[in-house]
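Visitor: To start, I am sharing the structure in question, which I have written as structure tokens.
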Amino acid sequence: MFKKIISRFKKDEDKNQEVRMEENLLQEEEIQEGDYVEEDFAEEDLIGEEWQVEEAGEEPIEAQPKEEKVPEKLGFFARLKEGLTKTRQGIADKVDQVLKTYKKVDDELFEEIEEILITSDVGVNTTMKIIEKLRTEAKERKVTEASDLKGLLKEILVEILDYGDAHQLGIHPAPAILLIVGVNGVGKTTSIGKIAHRIKSQGKKVLLAAGDTFRAAAIDQLEIWGNRVGVDVIKHQEGADPAAVLFDAIQSAKARKIDVLICDTAGRLHNKKNLMNELGKVSKVLEREYGNATKDVLLVLDATTGQNAIQQAKTFKEVVDINGIILTKLDGTAKGGVVLAISSELNVPVKLIGVGEGVNDLQVFEPKSFVNALFGDDI
Ligand SMILES: Nc1nc2c(ncn2[C@@H]2O[C@H](COP(=O)(O)OP(=O)(O)O)[C@@H](O)[C@H]2O)c(=O)[nH]1
Ligand SMILES: [Mg+2]
């Protein structure tokens, strides 16, 4: 019976892929109807364009009294736990339940855990890997009590998620540039605002580049975040060449001795050809103008899209070298298990996770804390 469940999920995954391809084609049509088809990328395109600097306002960041009353570490962990509530209900609470029901370790128990993981967006391949490891470890360590499996399972999950030092943001040594990529709506601009706030409060000089020139609203949104966290934004007009925005932002970052430049990009171009054009040009400018800067290319994925996020990541990986993942919207979704599939299948570390819409709700990803929070245990 279990084989049936797996083949059903495999079929669903295939179906999702078809839907996504159709969506991509639709998007391509939309884009072709629009303007801004840049052909060859010439240096002249980038030089001498007018650019504007949006000065940051003095507006304070919205007060978040609830967050400020609790000590930093506890506050961070409490928010993580709170954010993972739905995923915990889908994975950990169900695992706890079957461990209680079965009492002794046997084949059926492994199958039950397998089913819980697969139905929680951990993905078929990653689930197989986890269960195989769990069986082997249980045998080797002679675990016979079902309740003792939980500790083993947690260890295995941490092992999958753990990329050692690679979870750190690549911002040392200065100057550094973070290029934020991902499809429309995943949370790029919001994450940039949150990262800017985090890095600025560490005493670093931060500058933002409004590289999503596709819609005026996208530029405005970044400016709002810039004002909110007190960081300047380099922008051009709607429809401008994103590579030109980056070029100007880099010159400005050099002149102002900025520690970290964070560049937004347009996510609408997520069919491969347009994506390659856009990110190819941006990468060229980056290498040529800021070759000595520390560079981190971060792909933003939306946890609520579950296994679709994996497909998006695969497409982006073919186009640009991704150094890390920002997984947003873990709060309010039961699909947080996708973090395991991402870590296991993409060979890229998760660096930051979004657990809410507040300015402090983007956390550095720590595998052990994450798994503890997922199982409702203490830090
Ligand atoms: N609940 C929640 N919402 C988020 C998170 N990150 C982003 N969002 C929301 O997702 C929506 C799209 O975000 P946006 O930054 O505009 O995405 P972009 O198109 O990739 O730049 C906004 O309404 C954000 O407030 C998160 O971690 N949790
Ligand atoms: Mg945006």
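The numbers here are math on the coordinates, done by the rules we state, and not lab data. These numbers come from a predicted model, not from an experiment. Cβ: placed from backbone, ideal geometry, glycine included. Neighbour counts: every protein chain shown.
Visitor: For the pairs Lys142/Lys351; Lys94/Lys188; Lys194/Lys335; Lys204/Lys329; Lys150/Lys200, note any where the Cα-Cα span goes beyond 30 Å.
Guide: With Cα atoms farther than 30 Å apart: Lys142/Lys351; Lys94/Lys188; Lys150/Lys200.
Visitor: Per residue of segment 281-293, what does 6.51 cos²θ - 1.76 cosθ + 1.60 with θ = phi - 60° give for ³J(HN,Hα)? Whole Hz please, x for Gly and Pro, Karplus curve as stated.
Guide: 5, 4, 5, 4, 4, 4, 5, 6, 8, 9, x, 8, 6
Visitor: Something else about it: Amide H neighbours of Ala176 under 5 Å, counting only residues 5+ apart in sequence or on other chains, H built in-plane at 1.01 Å?
Guide: Amide H to amide H, under 5 Å and 5 or more residues apart or across chains, Ala176 pairs with Val260, Leu261, Thr294.
Visitor: OK, next. Among 154-161, 203-210, how do they line up by average Cβ neighbours within 10 Å per residue, starting with the highest?
Guide: Values: 154-161: 18.9, 203-210: 22.6.
Ranking, from highest mean packing down: 203-210, 154-161.
Visitor: For the pair Ser147/Arg288, report the inter-label distance in nm, with labels modelled 7 Å from Cα in the Cβ direction.
Guide: With each label placed 7 Å out from Cα toward Cβ, I get 6.7 nm.
Visitor: Another one. Using the Karplus curve 6.51 cos²θ - 1.76 cosθ + 1.60 with θ = phi - 60°, work out ³J(HN,Hα) for each residue of segment 116-131 in order, rounded to whole Hz, and write x for Gly and Pro.
Guide: Rounded to whole hertz, the list is 4, 5, 4, 7, 10, 6, 6, x, 5, 4, 5, 4, 4, 4, 5, 5.
Visitor: For a Förster distance of 51 Å, can you work out the FRET efficiency between the beta-carbons of Glu137 and Arg256, rounded to the nearest 0.05?
Guide: 0.45
Visitor: While we're here: Once the other residues with Cβ under 9 Å from the Cβ of Leu374 are scored (Lys, Arg +1; Asp, Glu -1), what is the net sum?
Guide: Once positives and negatives cancel, what remains is +2.
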